[in-house]
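Report on the structure given below.
The values are calculated or read from the model by the stated rules, or taken from the named source; none is laboratory data. If you're wondering where the values come from, they're calculated on a predicted model, not measured in any experiment. In this analysis, Cβ positions are derived from the backbone assuming ideal geometry, glycine residues included, and neighbour counts consider all displayed protein chains.
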Amino acid sequence: MSTSVIFWRRIDCEGLERAELVIQPEGPSVTSTVICLQPGGFRLDHRWQLDSEWRAQSVTIERWNRQGRGTLRLERAETGWVVDGTPRPDLDGAQEPDLSVTPLCNTFPIRTMMKSTAESLVLDTAYIDGSALTIARSRQRYDRQGPRRFRYVDLGLSSGFAADLVVDADGLVVHYEHLFERVPLPV
C-alpha cells in the first residue's frame, strides 16, 4: 500500500484541492477536499473507490455553500449507475463519472488511453455538476498529442469547450489549460 498527496490550484478563479491517493491491490481510493472562492464560494469533499483498472466504482460527495449542506452518492451497477440508492437508466452505458470541480476524473479515460495505441477515445460520462450536485449524461473525446499530452474536447453538455492537458506517468493531471495546475510540494 502506498499513499501520496496531490494539490491542484484553480487557474480560472481562486481555489485549491488537496487529494490523498491510496494505492491498494484491490484498487485505489481517493479522498479529496476542494475549496473554491468563486462568488458565494463552496467546500466540496469527494471520496472515490476505484477498481484495479482505475475505473470508478463509487463516489460520495458532500458540498457546503451558502445554501447549506448537500450530499450525493453515485455507484456503478452492472452497465449503469445508481444515484443516492435509485437506479438512473439515463446513465446506462456511461463509462465513467466526471466531477466538474476536479481534474482527477480526467485520469480515468487518460489511463485507458495510456494502455493502448489509440489516437482518440470517445466516451459517455455521468457528469456531476459539483456546485449544483446534479448528474446528467454527457459525451467527451480525448485526443493523444504526445506521450503525456492530451486534448480534451467536450461533445455534450459544454459542447465546444476544449483544453490541452499534461499528465504525469500515472495519468494524473499536471496542467489543465484554463482550469487547473498541479502545485509542486516541497521535498
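Pull out all pairs, ordered by first then second residue, where Cβ-Cβ is under 6 Å, the residues are six or more apart or on different chains, the first lies in the range 168-187 and is over 14 Å from PHE7 (Cα atoms), and the second is outside any loop (DSSP other than H, G, I, E, B).
GLY171/THR107; GLY171/ILE110; GLY171/ARG111; GLY171/MET114; GLU177/ALA163; GLU177/ASP164; HIS178/ALA163
Take residues that are of a type in the set (Val, Ile, Thr) and tell me which of the strands (runs of 3 or more DSSP E) falling wholly in the range 34-104 contain 2 or more.
56-65, 80-83
Only one residue in ARG88, ARG66, ARG76, ARG55 is touching a strand residue (DSSP E or B) at 6+ places or on another chain (Cβ under 9 Å) and loosely packed, with under 14 Cβ neighbours inside 10 Å. Which one?
Exactly one residue qualifies, and that residue is ARG66.
Would you mind finding the one in VAL122, VAL153, VAL173, VAL187 that is aliphatic (A, V, I, L, M), touching a strand residue (DSSP E or B) at 6+ places or on another chain (Cβ under 8 Å) and closer than 24 Å to THR33 by Cα?
Answer to the check: VAL173.
Taking the criterion of being within 20 Å of GLU53 (Cα to Cα) and assigned to a loop (DSSP other than H, G, I, E, B), would at least one residue in the range 107-115 satisfy it?
yes
Working only within the range 105-162, note down all residues that are under 23 Å from ASP45 (Cα atoms) and among the polar types (S, T, N, Q).
If the condition is that a residue be under 23 Å from ASP45 (Cα atoms) and among the polar types (S, T, N, Q), then ASN106, THR107, THR125, SER131, THR134, SER138 are the ones that fit.
Out of all the residues in the range 77-93, is one or more within 15 Å of the chain's Cα centre (by Cα) and free of Cβ contacts under 8 Å to residues at least 60 places away in the same chain?
no
Quick check, is VAL30 surrounded by fewer than 14 Cβ atoms within 10 Å (Cβ to Cβ), at pLDDT 95 or above and either out of contact with any His (no Cβ under 7 Å at 6 or more places or on another chain) or in a strand (DSSP E or B) (or both)?
So VAL30 fails the test.
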